[in-house]
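Encoded as structure tokens, the structure appears first; notes follow it.
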Ligand SMILES: *Cc1c(COP(=O)(O)O)cnc(C)c1O
């Protein structure tokens, strides 16, 4: 299993020289994505399920840059979307509509109608009420809606509480009991076509057991639905496969696939898998530049031009990212907090990171920043969102321009 990018791996597709070249051309802060690595990750997962009917629907929310989606589209990926905006991105990047699924607990009527109208593969419904809304929208359009029901198996995924989604105290999905009633309703409804079953127990999963248990419970439910002549064609196992940010043990794709397949014996279903982080997480680096180094009563701070508005994972989940200085240095290493310019104590990219002495202009690479990085970025403190570039075949290409002050105020200025 691949680890997080480390110093030695930086000599691969994303060499220090290439990253420096990217900074020279496009400045900092900057996201750099390695499209070759994205392809390798996608293919590794796909191969793990080879010989089975499988559709990998990349979860756009992890990294929704159009060029990244387009790359995945060229690999025949589908898309797992959680808003109409993401569906539009998927379509724009060339993902066929019949490979798009639509998840999320709070879909609005206009989103549901447009999704049905487009003819996407199915809508993942997350409550009885939402199913009735989907039914009403489909009736209004005069065209039946294919649905899948997100079942909450009440299993502890053993991950950070903010990204656990399959426990009964989480807002996601419906219980197995409630799902049965919903399937019966959908089965008899003129404008609903229940074609799938779905679960997604959390993100950054590093243990196989909870996934296997969830698959077992949902497979059992699927068998009882098939016995009722409810024709479940798609078994959607969600996403959530974890990656290494440091030295975590991760789940090898082969073991993951085998654990799922073991629970599906005798079921003739297409497996749908919705990975986000697994595909893009280790494939991206966030580059930032040192502004100052300061010491407060013996504690060293490296103040950089990147901040929590660019990469919020450390502030939001106390997430750890390796951080490397790109310079070759003989200076001795010591711990420092890497902090941004934002007026919040929570504005940091790393705490107690071992770094050489840093001076103005040094470039730091925050590793494994390809997932939930730019896609969670904001304009807090009126900071323009940074640029994004990709590396493909040794070449660097800008895929999103750095925002300008003008971009930030465009929707306000006419009211002055
Ligand atoms: C967020 C999410 C995913 C992707 O999660 P990762 O941890 O990035 O793989 C997949 N499916 C659903 C329904 C999600 O909400």
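The values are calculated or read from the model by the stated rules, or taken from the named source; none is laboratory data. This one's a predicted model, so the numbers in the text were calculated from it and none came from an experiment. Positions of Cβ are generated from backbone atoms using ideal geometry, with glycine treated the same way; all protein chains shown enter the neighbour counts.
Numbers at a glance
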{"quantity": "Selection count, region 71-96, where residues are farther than 16 Å from residue 137 by Cα and surrounded by 16 or more Cβ atoms within 10 Å (Cβ to Cβ)", "calculated": "17"}
{"quantity": "Residue within region 119-134 that is without any contact (Cβ under 8 Å) to a residue 60 or more places away in the chain, in contact with a strand residue (DSSP E or B) (Cβ under 8 Å, 6 or more places away or on another chain) and in a helix (DSSP H, G or I) present", "calculated": "yes"}
{"quantity": "Residues of region 258-290 satisfying the condition of being within 15 Å of the ligand (Cβ to nearest atom) and over 30 Å from residue 338 (Cα atoms)", "calculated": "260, 271, 272, 273, 274"}
{"quantity": "Near pairs, Cβ below 7 angstrom, 6+ apart or cross-chain, from region 264-284 (within 15 Å of residue 235 (Cβ to Cβ)) to any residue that is in a helix (DSSP H, G or I) and within 14 Å of the ligand (Cβ to nearest atom)", "calculated": "273/45"}
{"quantity": "Single residue of region 169-180 satisfying the filter (closer than 22 Å to residue 196 by Cβ and exposed (fewer than 12 other Cβ atoms within 10 Å of the Cβ)) that is farthest from the ligand (Cβ to nearest atom)", "calculated": "177"}
{"quantity": "Matching residues, region 33-44, being touching a residue at least 12 places away in the same chain (Cβ under 8 Å) and either surrounded by fewer than 20 Cβ atoms within 10 Å (Cβ to Cβ) or in contact with a strand residue (DSSP E or B) (Cβ under 6 Å, 6 or more places away or on another chain) (or both)", "calculated": "33, 34, 35, 36, 39, 43, 44"}
{"quantity": "Any hit, region 198-220, residues being more than 23 Å from residue 151 (Cα to Cα), more than 19 Å from the chain's Cα centre (by Cα), surrounded by fewer than 24 Cβ atoms within 10 Å (Cβ to Cβ) and in contact (Cβ under 8 Å) with a residue 12 or more places away in the chain", "calculated": "no"}
{"quantity": "Pair list, Cβ < 6 Å and 6+ apart or interchain, from region 91-112 residues that are more than 15 Å from residue 148 (Cα to Cα) to residues that are within 13 Å of the ligand (Cβ to nearest atom) and at pLDDT 95 or above", "calculated": "95/79"}
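Each row is one residue, and each column tells you yes or no for (1) within 16 Å of the ligand (Cβ to nearest atom); (2) buried (at least 16 other Cβ atoms within 10 Å of the Cβ).
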{"position": "333", "(1), (2)": "no, no"}
{"position": "356", "(1), (2)": "no, yes"}
{"position": "363", "(1), (2)": "no, yes"}
{"position": "369", "(1), (2)": "yes, yes"}
{"position": "376", "(1), (2)": "yes, yes"}
{"position": "379", "(1), (2)": "no, no"}
{"position": "386", "(1), (2)": "no, yes"}
